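Since the structure comes first, as structure tokens, the remarks are kept for the end.
The values are calculated or read from the model by the stated rules, or taken from the named source; none is laboratory data. Not measured: the values here are computed from a predicted model. Cβ atoms come from the backbone with ideal geometry, glycine included; neighbour counts cover every protein chain shown. In case anyone asks, the SASA skips ligands and DNA or RNA and just uses the protein heavy atoms, side chains included. Shrake-Rupley method; radii C 1.70, N 1.55, O 1.52, S 1.80 Å.
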Amino acid sequence: MAPLIRIPRPGAAKESEATPRALYLRRRDFLGGALAGAALLVGCDGGAESRTDEAARPDEVTPRKDATSYNNFYEFGTNKTDPAENAHTLRPRPWTVAVEGECAKPGTLGIEDVLAAFPRQERVYRLRCVEAWSMVIPWLGFPLGDLLKRFEPTSKAKYVQLETLWDTEQMPLTRKPTLDWPYREGLRIDEAMHPLAILATGMYGEELPNQNGAPLRLVVPWKYGFKSGKSIVKIRFTEQQPYTTWNASAPDEYGFYANVNPDVDHPRWSQRRERRIGELAKRPTLPFNGYGDEVASLYAGMDLAKLF
Amino acid sequence: MARGRTLNAAAVAAGAAPAAWLAWRAAAGDLGANPIEAVEHATGGWALRFLLAALAVTPLRRLGLPALAPLRRTLGLVAFVWVCAHFLTWSVVDNGLDWAAIGEDIVERPYVTVGFAAFVLLIPLAATSNRAAMRALGRRWVTLHRLVYPAALLAVVHFLWLVKKDMTEPLVYAAALGALLAARFVGRGKR
């Protein structure tokens, strides 16, 4: 296992310092919708204004045990507890990520190169699953855009597709066509380049556990969790909107955009409210999962009820 | 009949055992990251299993086990208690008696609609599962209690529609229900 590469910055918060009382009391300042992790990193002096939203309740970090034992990672089973039990067969080293498609410098990166090239930051994000539950997770990662730019996407690169590993030896359950493997997800290029979209290689101050998508996964906090593909092996720049697994599996249920939206119900789950894991009463779901101030402008002029 | 009473006591014990197990796991904090969902799934699963067990009594009776007859009502009531536990977990614990949200789910979410319908259909059956009601209703009692078939069917559909992918488990229940209904028609001549 490679050593944990952390490049500390002045004022950077360690996980162990994540909840001292002074920060805790100002939690809404940096969890209320702004660049949550970035605010932590700059020592909380540049955080966004608190949300005045009555609905905003404190966002406590979800216990690590819950975030690592309640997962959707269908390659390792369809029950939430399956991935934690089965993902030990995944081998996160050695690992390479191939970048191809509409870019000037296609190529591959080893996971060690990724860790060396892109300084990791801690980002505390809400994670909202389309199944109407949510968590708050401290990720370690770096902006997806930083990696994408290195491959010099061309003007034809309108979208990015990210592909999860499909190896029936490491993922025996993928011999069954539960989904159309390999799992693929995608973003519009401006979404992918948004500073809130990150590639995570760790969480809770440690390497990513296998069941959470080791060694490298996408995290797009304003979209439903299924957009954030795990254990990524391929990134492809495309001109057309790429194939995305859940959208292809049930287009009336899962849109390509899949922005968290309390006003657009899933046919099986109301999206108005969510259960924060560890809480009893449900809480109201916020548009764009509370990151509207940062990302709503990406969708100006779009009918988000149609392009859900 | 002493044997009937023993059988019924065993059925009640079997019906209560999973509740004790669930309570034990809850007390031990062993219900996982989403305990409310875990209890919903457990109560729903036991409701369905006991409902199918109740439906198995008549075919088994006809297949030469007439002694099982007294179990039908007991297993049916055990199933109904699990259905109530399921409904109360969902309405009280999960939704905090937020009637607007509950009503919306019943109207707009097809899997909730059919699950709720199954619950409603079972209420008159539980209410008339005593000798006085049987006497009062006469032949209409049998007609009324045929509601158990649509109720079981809706319960299985409720499960099928709830699952996102991998229908294996609900399909096992669907197959079991299909077999029990078929056995009923096949064995019809023998009363």
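Taken across the range A:163-176, residues that are modelled with pLDDT under 95, open to solvent by 10 Å² or more (accessible area, probe 1.4 Å) and assigned by TED's automatic domain parsing to the domain that holds A:Thr244 do occur, with at least one present.
How many of the residues making up the range A:179-224 are assigned to a strand (DSSP E or B) and polar (S, T, N, Q)? I'd like the intermediate steps shown before the answer.
Let us first name the residues in the range A:179-224 that are assigned to a strand (DSSP E or B), namely A:184-188, A:198-203, A:206-207, A:217-219, A:223.
Right, trim to polar (S, T, N, Q) and you get A:201.
Going through the range A:179-224 one residue at a time, the tally reaches 1.
Given A:Arg123, A:Arg150, which one is farther than 15 Å from A:Pro215 by Cα, more than 14 Å from chain B (Cβ to nearest Cβ), in contact with a Gly (Cβ under 6 Å, 6 or more places away or on another chain) and at pLDDT 95 or above?
Values: A:Arg150 fails: in contact with a Gly (Cβ under 6 Å, 6 or more places away or on another chain).
Just a single option satisfies the conditions, and that option is A:Arg123.
Among the residues of the range A:212-245, those identified as within 14 Å of another protein chain (Cβ to nearest Cβ) and either under 28 Å from A:Glu152 (Cα atoms) or open to solvent by 10 Å² or more (accessible area, probe 1.4 Å) (or both) are A:Tyr224, A:Gly225, A:Phe226, A:Thr245.
Where in the range B:53-130 are there helices (runs of 4 or more DSSP H), lying wholly inside it, with at least 1 residues that are hydrophobic (A, V, I, L, M, F, W, C) and more than 30 Å from A:Arg275 (Cα to Cα)? Quick ask: steps written out before the conclusion?
On the way: elements: B:71-88, B:99-108, B:110-127.
Correct list: B:71-88, B:110-127.
A single member of A:Leu179, A:Leu199, A:Leu208 is on the phi < 0 side of the Ramachandran plot and surrounded by fewer than 23 Cβ atoms within 10 Å (Cβ to Cβ), and it is A:Leu179. Only one of the numbered conditions (1) surrounded by fewer than 18 Cβ atoms within 10 Å (Cβ to Cβ); (2) closer than 19 Å to A:Tyr125 by Cα; (3) within 14 Å of chain B (Cβ to nearest Cβ) is not met by A:Asp263, and that is (2). Within the range A:283-293, take every residue that is open to solvent by 40 Å² or more (accessible area, probe 1.4 Å) and touching a residue at least 60 places away in the same chain (Cβ under 8 Å) and give me the one that is farthest from the other protein chains (Cβ to nearest Cβ). Of everything passing the filter in the range A:283-293, A:Asp293 is farthest from the other protein chains (Cβ to nearest Cβ).
Of note, B:Gly45 satisfies the criterion of being more than 23 Å from A:Thr68 (Cα to Cα), of a type outside the set (Ser, Thr, Tyr), open to solvent by less than 50 Å² (accessible area, probe 1.4 Å) and within 14 Å of chain A (Cβ to nearest Cβ). Applying the condition of being part of a loop (DSSP other than H, G, I, E, B) and acidic (Asp, Glu) to the range A:88-134 and asking which residue is farthest from A:Ser69 (Cα to Cα) yields A:Glu102. Applying the criterion of being open to solvent by 80 Å² or more (accessible area, probe 1.4 Å) and touching a residue at least 12 places away in the same chain (Cβ under 8 Å) to the residues of the range B:132-178, the residue that is nearest to the other protein chains (Cβ to nearest Cβ) is B:Trp161. The single condition among (1) farther than 23 Å from A:Lys80 by Cβ; (2) touching a Pro at 6+ places or on another chain (Cβ under 8 Å) that A:Ala192 does not satisfy is (2).
Just to be sure before I move on: is A:Val114 open to solvent by less than 20 Å² (accessible area, probe 1.4 Å) and within 27 Å of A:Lys80 (Cα to Cα) in the structure I sent? In short, no. In the range B:65-86 there is no residue that is within 11 Å of chain A (Cβ to nearest Cβ), open to solvent by 50 Å² or more (accessible area, probe 1.4 Å) and modelled with pLDDT of 95 or more. When residues in the range B:37-61 are screened for being over 14 Å from B:Ala19 (Cα atoms) and not β-branched (Val, Ile, Thr), 11 of them pass.
Annotation: of all residues in the range B:99-114 being surrounded by fewer than 18 Cβ atoms within 10 Å (Cβ to Cβ) and facing chain A (nearest Cβ under 8 Å), the one that is farthest from A:Lys282 (Cα to Cα) is B:Pro110.
All of A:Leu286, A:Leu280, A:Leu304 fail the test of being of a type outside the set (Lys, Arg) and not assigned by TED's automatic domain parsing to the domain that holds A:Pro94, apart from A:Leu304. Listed by first and then second residue, the pairs linking a residue in the range A:128-145 that is without any contact (Cβ under 8 Å) to a residue 60 or more places away in the chain to a residue that is among the charged types (D, E, K, R), with Cβ atoms under 7 Å apart and 6 or more places separating them unless they lie on different chains, are A:Phe142/A:Arg120. Flag: B:Val112 matches the condition of being under 19 Å from B:His158 (Cα atoms) and in contact with an Asp or Glu (Cβ under 6 Å, 6 or more places away or on another chain).
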